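Notes follow the structure.
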Amino acid sequence: MGVYIEGYVSKKAIKKILNNWHEVGARKRNYSEISHDNPIKDDGVCNGRINKIMIDQALKEIPNKKVQYCVYARWIHCIPVVRAAKTLGVSKPTFYSYCDQAVDFIYQEINGERAGVKELLELILE
């Protein structure tokens, strides 16, 4: 049974946004078809775009610079893993570990208390 918590972003969603970093929120709009009766609907801001902004802010807050560099190399600048790991002076497993640490940090940064609450509610409802 899934539990819905307003404003919660899963690790799976975070990875999906990172994997599709350059496509998220970049849809082309046909401005001639926009109705002007609903400015919130027509402003072009969607949940994916809002989540991308929140993730971008969390990326800047990662305290370990090597972890931050791994994320930027892998997902933001799309540098091949072997080349990025070599440039950063880490092994491939360490590189992937740093990326996982970054996802965990972003998850905690975005969700705060909601992360623990969701896990607790799912355990209770099982």
Any idea which residue in segment 27-61 is modelled with the highest pLDDT, counting only those that are more than 15 Å from the chain's Cα centre (by Cα), hydrophobic (A, V, I, L, M, F, W, C) and open to solvent by less than 100 Å² (accessible area, probe 1.4 Å)?
-> ILE34
Scope segment 80-108; condition outside any helix (DSSP H, G or I) and either surrounded by fewer than 14 Cβ atoms within 10 Å (Cβ to Cβ) or at pLDDT below 95 (or both); matching residues = PRO80, GLY89, SER91
Verdict on VAL71 being within 19 Å of HIS22 (Cβ to Cβ), buried (at least 16 other Cβ atoms within 10 Å of the Cβ) and within 15 Å of the chain's Cα centre (by Cα) | yes
Taking the condition in contact (Cβ under 8 Å) with a residue 24 or more places away in the chain, loosely packed, with under 14 Cβ neighbours inside 10 Å and out of contact with any Cys (no Cβ under 8 Å at 6 or more places or on another chain), does ILE76 pass?
-> yes
Run LEU120 past the list (1) assigned to a helix (DSSP H, G or I); (2) crowded, with 16+ Cβ neighbours inside 10 Å and report the number of the one that doesn't hold.
-> (2)
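The values are calculated or read from the model by the stated rules, or taken from the named source; none is laboratory data. These numbers were taken from a predicted model, which means no experiment stands behind them. Glycine gets a Cβ as well: all are built from the backbone with ideal geometry, and neighbour counts include every protein chain shown. Heavy atoms of the whole protein, side chains included, go into the accessibility calculation; ligands, DNA and RNA do not. Shrake-Rupley method; radii C 1.70, N 1.55, O 1.52, S 1.80 Å.
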